[in-house]
Amino acid sequence: MLSRPLLQRYALARPNARSSHRIPTPQGAGIAVISATLIVALALATWGDFSIPPALVIATIVIALVGFADDIVSLPVLVRLLLQAACVGAVVFTAPDDARLVPELPLALERGLILLAGVWFVNLVNFMDGLDLMTVAEVVPVTAALLLLALFGELSRPAASIAIALCGAMLGFAPFNRPVAKVFLGDVGSLPIGLLLGWCLLELAWHGQPAAALLLPAYYLADSTITLFRRIARRERFWSAHRTHFYQRATDNGFTVKQVIAEVFALNLVLALLAVVSVRAGSMPVTIVALFAGAIAVAFVLRRFSRPQAS
């Protein structure tokens, strides 16, 4: 509420052919969301006598500043990517050496692959933040599931503190972003949210639950990655703004914003349930079934979004 007048003046997102909003709307509410997340998470860490990796805190602040600069002046693509890679790399390469996903791979190679995946995850969260409440519908179920898994002992306390703080911050942001949104997150919010959420999922994978770490963000991963490869195949300028994500095509196909958000939220609840079941079962057959069921659920929603709504 305090920042909105300043954002209205200096960070106004004006509608264009690729945007989903129709009236000029201030962006940059991520300043409040990320500030709240870090303050609460650090307070929880102090109260619980554990520490959140300093590299993660610093990288989150830096990548938020990169996003804020891009919201104001629109940074060149290469500059954005280099700065994002530096932030993700600072987190990945300062992790303990015993934090491994595939021990058979050389550590440097594995960390390099995680760096690439991290940069992509940060950007896909940004790409998917193109509809009112979309990021809320994604982040709240994922972080709530992470907290539940933490209660089961499957997630470190630092990651659990980030998850619960981020969940609360997004719930606080939701009333301002419900259709028709009064304010947007902006890159200052979506980029650090991608970094924090990606780190929590990586922590979950490091704790021996890679299937759950894939299931929780499966919708965002599928929508953004399929769209990226489709645009590359068509030889389009895939790094430029567009309106070809499945959720954007859904609104063009007759879905209302509320319908899209409701289906994404419901899908994420299903994915969260499958992730929890796969962890609690502790069985490879159950995990395979959960992954298969998750893939079917995501494919079903993507297919619905890509087809015109019956009149």
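The values are calculated or read from the model by the stated rules, or taken from the named source; none is laboratory data. Not measured: the values here are computed from a predicted model. Because the Cβ atoms are built from the backbone with ideal geometry, glycine has one as well, and the counts that use them run over all protein chains shown. For the accessible areas, the whole protein counts, side chains as well, though only heavy atoms, and no ligand, DNA or RNA atoms are used. Shrake-Rupley method; radii C 1.70, N 1.55, O 1.52, S 1.80 Å.
The residue of the stretch 193-233 that is nearest to residue 67 (Cα to Cα), among those that are touching a Phe, Trp or Tyr at 6+ places or on another chain (Cβ under 7 Å) and small (Gly, Ala, Ser), is 194. The single residue among 104, 110 that is free of Cβ contacts under 8 Å to residues at least 12 places away in the same chain, over 17 Å from residue 170 (Cβ atoms) and surrounded by 16 or more Cβ atoms within 10 Å (Cβ to Cβ) turns out to be 110. Count of the stretch 245-289 residues, restricted to those that are touching a residue at least 40 places away in the same chain (Cβ under 8 Å) and open to solvent by less than 50 Å² (accessible area, probe 1.4 Å), is 24. Only a single item in (1) more than 25 Å from residue 66 (Cα to Cα); (2) open to solvent by less than 50 Å² (accessible area, probe 1.4 Å) is not met by residue 137, and it is number (1). Residues in the stretch 127-148 include at least one that is in contact (Cβ under 8 Å) with a residue 40 or more places away in the chain, farther than 19 Å from residue 269 by Cα and in a helix (DSSP H, G or I). Among residues of the stretch 163-185 that are without any contact (Cβ under 8 Å) to a residue 40 or more places away in the chain and open to solvent by 40 Å² or more (accessible area, probe 1.4 Å), those with a beta-carbon under 7 Å from a residue that is part of a helix (DSSP H, G or I) and among the β-branched types (Val, Ile, Thr) at least six positions away or on a different chain give the pairs 171/140.
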